Every structure is written in C-alpha cells, then in structure tokens.
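Visitor: Below you'll find the structure I mean.
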Amino acid sequence: MPDQPMPPGFPIAARPAGLRARVRNRVHVAAWLVAGATWSGTALANPGVTPPPPRPAAPSGEVAPVPSRALQTGALLALLRAPHPEVRQVHLHRIGPDVNAILIEFGTSVPGRGVEPQVRLRALSWLQHFATPATRAVLFELARDRKTDVPARRIALRGLALAFGVEALAVLRDALQDRNLYVREAAAYGLGDIDDRRVAGILGDHLQREPELAVRDAAATSLQRAIAADRRR
C-alpha cells in the first residue's frame, strides 16, 4: 500500500519505518514549530485555541531529530514578532535546545543594527524563563551598566528579580540610587518580586527620600507585597 500523507499531530510511532518515515518526521517537527508559533501569537485573540502538542516522538528505534538552529530561529522570530504573544516557559523550551542562546543573541544585538527594537526588548524579557548562567551574566551586565539604554536596563532589572530572586537583591538595591527615575521605578517593582525579609526595609528606607511620584508608587506597591509576604512566613 503506498504511503499516505499524514496530517499534523498524527502519532509518529504509527508511521511506517524507513527513510520516508524519517523524512516525514522532520517535516512534522517543522510543522509543529510553526503551529506553536502561530498558536502563541494568537492566543490572546482566540482564547479557545488549544496549545500545540508536545514535541513528537520518533518512530520506534529512532532518535527524534533536533530542529536545526535556523529552524529554531525562525520559529522564535515568529513568536517575537507576533502582535500579542502569550508565551510561557514550556512554549519556548519546546522550540528546541538553542532558544536561550538565540534570545541572548537577539537581546544583546546593537540597537538599530540587529533585529527590530521590539524584538530585541521582547527577547530580553523572555530571558526570565531561562535561569541559566548565560542569562545571569547577560542580565547582570545590562542591569549594572549605566550605558545600557533605559528600556533594556529596566527589562534586565525585572528579569533578574523574576529569574534569580534573592541573587538580584544587591543589584536592584543599588539601582534605586540611579539618576534615571525609570530605572529606579523598575528596580522598585523588581524588589517586589523577590521573596526576602530585607526587601521591606530597603523599600521603606527608600520611600523616605524618593522625590519622584512614579518611583514612590512603585516602591509602595512592592512594599505592600513584601509586608504581605512577611506575614505569611
């Protein structure tokens, strides 16, 4: 019986073995990546749409192919450029093993010379889903360097707090003294994401001398979160 084309989502294990099965397996992986990017980019507009299936398994006795770097880059760019992407950690990890490195490549590109500004900043924000040494090094450098553009520095501060928690406490505390009010605001909000008894004292002290209303509001919001967390301990 001749081989029949299989629809996306058809169990790989049910397909015939051999060269044709391996080729179709690779096509299936590519289709899965595109489907995942399309779903994530339209999830907010279509709440009823179901997420893409888990990465397909290989036929019995075969090793499932790892998507190429180019294929992973294309799928990730589709998500990064989507109007309203709803992305969770599992969606990014499903794309492939190089996503963390690709996000770092996009996020550290020179503004105006690499990917679009929105893609660059979104890539930086998604690094919070990868609490790896590489992510830590990038976010710490961007957060500390006053030459970093303000939007990227704000994202780095929040990403550090969300991905690394108390490890980021000193950096965010220092950023509260920055001359730029938007950096201070991001640091104040980021401290609210850290579960540590010292946070309430840091924010309380800063509120007494912070002149900008936006930063004071951020610090007050995070202080309330810190006090509530202390009560739950």
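Visitor: Once the piece of chain linking TYR182 and GLN89 is laid out straight, how much longer is it, given 0.36 nm per residue of separation minus the C-alpha distance between them?
Guide: 30.8 nm
Visitor: Principal axis extents for region 92-160, Cα atoms only, whole Å, descending order, please.
Guide: 33, 23, 14
Visitor: A further question follows. What is the sum of charges, Lys and Arg at +1 and Asp and Glu at -1, for the other residues whose Cβ falls under 12 Å from the Cβ of LEU77?
Guide: Values: positive: ARG81, ARG120, ARG122; negative: GLU105, GLU116.
Every neighbour counted, the sum reads +1.
Visitor: Compute the FRET efficiency between VAL166 and GLN208 as 1/(1 + (r/R0)^6), taking r as their Cβ-Cβ distance and R0 = 30 Å, and round to the nearest 0.05. If you can, show how the numbers build up before the last one.
Guide: Numbers: r = 24 Å, r/R0 = 0.78.
Here the calculated transfer efficiency is 0.80.
Visitor: Starting from the Kirkwood radius over alpha-carbon pairs of region 99-233, derive D by Stokes-Einstein at 20 °C in a medium of 1.002 mPa s and give it in µm² s⁻¹.
Guide: Rounded, D is 144 µm²/s.
Visitor: In debye, nearest 20, what is the charge dipole magnitude of region 99-233 about its Cα centre with +1 on Lys and Arg Cβ and -1 on Asp and Glu Cβ, if you could check?
Guide: 120
Visitor: A further question on this structure: What is the sum of charges around ALA229, taking Lys and Arg as +1, Asp and Glu as -1, for the other residues whose C-beta is under 10 Å from the C-beta of ALA229?
Guide: Result for the neighbourhood of ALA229: +2.
Bear in mind these aren't lab numbers, they're just calculated from the coordinates by the rules spelled out. All figures in this text were calculated on a predicted structure; none of them were measured in a lab. Virtual Cβ from ideal backbone geometry, glycine too; neighbours counted across all protein chains shown.
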